[in-house]
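Below you'll find the structure, written out as structure tokens, and then a few comments.
The values are calculated or read from the model by the stated rules, or taken from the named source; none is laboratory data. Everything numeric here is computed off the predicted structure, so don't read it as measured data. For neighbour counting, all protein chains shown are included, and Cβ atoms are generated from backbone atoms with ideal geometry for every residue, glycine included.
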Amino acid sequence: MKRNVVEWIVLLASIGAIAILVAVIVAEGLGESRPADPSIELHAADARHGALGWILPATVANAGDEAAEAVVIEARAMVGGGEETSELEIDYLPAGTEVEVSFAFSAQPEGEVVARLVGFRTP
Amino acid sequence: MTEGLRDSLRDYTRAAGGGLMVGLPLLYTMEVWLGGFILPWWKILVLLGIAYAIVLGYNSIAGFRRERSIAQLMVDSVSTLGLGIVIALVALLVLGRIDSTTSLRDAAGKLGLEAIPIAFGASLAATQLSGNAVEHRGGIRPLARLLVGGGGALLFALNVAPTEEIVVLGVDASPALLLIVVATSLLTTLALVFYADFGGRSHQHGDGLLDQPWSETATSYAVSLAVALLLLWAFGRTEGASIGAIAGMTVMLAVVAAVGAAIARLLVGGQAEGGEDQ
């Protein structure tokens, strides 16, 4: 089997690429034990007034090993004497990734904002 | 630079070009990116394995180099698949689909899926787009033609298989409509291959059972249905779906597959015994 330098380089790079890809998929796949586990971190320090009210940025992360779909989250706070709820849906939340979102209220909330997970779909 | 080196560089550049031609639509398809992390890990490996077998099939009909042993063929096919992975990596980086926030599992899944059409295109570039294809103009045997048809079906159907549209079409269709679609698919491909007079193929057929227009059309359509079903399974569309929905999606996707198979069969010519349909 006679091959020149270019062919050797391409062949070795190919074997390397395939081996690494398969190894990563298998290793990540076999380590896939924890179900999806969305978490919400509110960034109160970055909250600001917007044209239509109070905007509160947050980071939603998935600490599990499996993806979650249609992740619905909500934040509750007391605004102007009444309780307000801000709800968001995130289409896809892959394992190990973070998504930046923003909750919004009609005005700056009094007291603490409480965020919770409403639910999600398992792919 | 020696002639051999220049030849090799040209072959790989051509392979990369063919890979992009076939792979670009899917590099721009959201369902494929999502499939990278939604599909179970073992399925991505199975798909890569099937892709390797198909690349081997393409390359064996006509490939990079002439006169090769089976071992050489297998090694060449490894290069084709590897090339697909490398091109997919560069493309996904350039498109911003893989960046520092992408998890390893997500990136590997996307790469595995996107590398498949690129590898098909790369091996096709070496067969259909090069001067080498000429030696097949004389026609190939019916079973090989069926295989080539399957390859064409795969290439065409791959572009629409991951989309939501197939689900909508398949689930909405009534059984009566599906029967009409089946009949239309058969008639269209029969007309395309045998009566449209593309590439000197019209009306010419041999004596074998699989060489008759109706038999070739029927077997090729069956292969197209199988390809459609395989693709639906690959993209997770069959999971949890009813038999009726699966049948609907398969028939709707097989329209595209059957046209792809017809065009591929036109490209490789018709005569079973070869050499006389110029």
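Observations
- Flag if residue B:50 is β-branched (Val, Ile, Thr), surrounded by fewer than 15 Cβ atoms within 10 Å (Cβ to Cβ) and touching a residue at least 40 places away in the same chain (Cβ under 8 Å): yes
- Residues of segment B:225-234 that are at pLDDT 95 or above and of a type in the set (Gly, Ala, Ser): B:226, B:228.
This table checks each residue for (1) closer than 19 Å to residue A:43 by Cβ; (2) modelled with pLDDT of 90 or more.
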| residue | (1), (2) |
| --- | --- |
| A:57 | yes, yes |
| A:78 | no, yes |
| A:91 | no, yes |
| A:102 | yes, yes |
| A:105 | yes, yes |
| A:111 | yes, no |
| A:119 | no, yes |
| A:122 | no, no |
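- Selection from segment B:35-75 of residues that are in contact with a Phe, Trp or Tyr (Cβ under 9 Å, 6 or more places away or on another chain), modelled with pLDDT of 90 or more and over 25 Å from residue B:145 (Cβ atoms): B:43
- Members of segment B:1-20 that are assigned to a helix (DSSP H, G or I), within 14 Å of chain A (Cβ to nearest Cβ) and not basic (Lys, Arg): B:3, B:4, B:5, B:7, B:8, B:9, B:11, B:12, B:13, B:15, B:16, B:19
- Within segment A:24-66, being in contact with a helix residue (DSSP H, G or I) (Cβ under 6 Å, 6 or more places away or on another chain) and either under 18 Å from residue A:89 (Cβ atoms) or touching a residue at least 40 places away in the same chain (Cβ under 8 Å) (or both) holds for one residue alone: A:57.
The rows are residues; the columns are (1) at positive phi; (2) within 22 Å of the chain's Cα centre (by Cα); (3) part of a loop (DSSP other than H, G, I, E, B); (4) modelled with pLDDT under 90.
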position	(1), (2), (3), (4)
B:147	no, yes, no, yes
B:151	no, yes, no, yes
B:178	no, no, no, no
B:197	yes, no, yes, yes
B:201	no, yes, yes, yes
B:216	no, yes, no, yes
B:219	no, yes, no, no
B:223	no, yes, no, no
B:236	yes, yes, yes, yes
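- Checking B:109, B:23 one by one, the residue that is touching a residue at least 24 places away in the same chain (Cβ under 8 Å), more than 12 Å from every other protein chain (Cβ to nearest Cβ), at negative phi and not aliphatic (A, V, I, L, M) is B:23 and no other.
- Some residue of segment B:61-72 being without any contact (Cβ under 8 Å) to a residue 60 or more places away in the chain, crowded, with 22+ Cβ neighbours inside 10 Å, outside the structural domain of residue B:146 (by TED's automatic domain parsing) and of a type in the set (S, T, N, Q): no
- Among the residues making up segment B:74-106, those that are outside any loop (DSSP other than H, G, I, E, B), within 11 Å of chain A (Cβ to nearest Cβ) and touching a Gly at 6+ places or on another chain (Cβ under 9 Å) are B:76, B:77, B:80, B:82, B:83, B:84, B:85, B:87, B:88, B:104, B:105, B:106.
- Candidate set from segment A:1-23 (those that are more than 7 Å from every other protein chain (Cβ to nearest Cβ) and farther than 18 Å from residue B:107 by Cβ); member that is surrounded by the fewest Cβ atoms within 10 Å (Cβ to Cβ): A:2
- Of the residues making up segment B:82-99, those that are closer than 17 Å to residue B:47 by Cα and not small (Gly, Ala, Ser) number 2.
- Strands (runs of 3 or more DSSP E) within segment A:24-78 that include 1 or more residues surrounded by 15 or more Cβ atoms within 10 Å (Cβ to Cβ): A:38-42, A:53-62
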